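The next block holds one structure in the form of structure tokens; read it before the comments.
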Amino acid sequence: MTPGVAPSENIDGLGDGQRILSGPQLADALALLGSVDPVCAEVIGRLNLRVYPGEPGDRTAYVVLDVHGVSIGVKRRAGDLYLHADTTETDDRLIAFEVNGGGEIDHRTS
């Protein structure tokens, strides 16, 4: 997972346009709205939200949520919805996922 940095800072210096909101930044923003459930506050404090500009033909930016040691990315491309799960920082060897309530599907990571 990428550590939190200022939203306007490029992580790798490659000029990829990446922007980040760290967990503490998100928690501070939510605190402005008033009381936040403690369970939600704990999770929010530990996550990062990264946003990359879309590539030519994409309908949206590429958004990555880092939480629980897993990175989940999503973007809407011209002809499909792209989802990416990166579990390399966990010891998980099986990912169970579900699409539109159609039942869980298991995917082995190694």
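The values are calculated or read from the model by the stated rules, or taken from the named source; none is laboratory data. Since the model is a prediction, treat every value here as computed from it, not as a measurement. So basically every Cβ, Gly included, is an ideal-geometry build from the backbone, and we count neighbours across all protein chains shown. These area figures cover heavy atoms from the full protein model, side chains too; ligands, DNA and RNA do not enter into them. Shrake-Rupley method; radii C 1.70, N 1.55, O 1.52, S 1.80 Å.
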Check off (1) surrounded by 15 or more Cβ atoms within 10 Å (Cβ to Cβ); (2) more than 25 Å from Asp106 (Cα to Cα) for Leu47 and give me the number that stays unchecked.
-> (2)
Selection within segment 55-105 - within 15 Å of the chain's Cα centre (by Cα) and in a loop (DSSP other than H, G, I, E, B) = Thr60, Ala61, His68, Gly69, Thr87, Thr88, Glu89
Based on what the data block shows, is Ile95 free of Cβ contacts under 8 Å to residues at least 40 places away in the same chain, among the aliphatic types (A, V, I, L, M) and in contact with a Ser or Thr (Cβ under 7 Å, 6 or more places away or on another chain)?
-> yes
Output the residues belonging to segment 63-110 that are under 23 Å from Gly17 (Cβ atoms), open to solvent by 90 Å² or more (accessible area, probe 1.4 Å) and touching a strand residue (DSSP E or B) at 6+ places or on another chain (Cβ under 6 Å).
-> Leu83
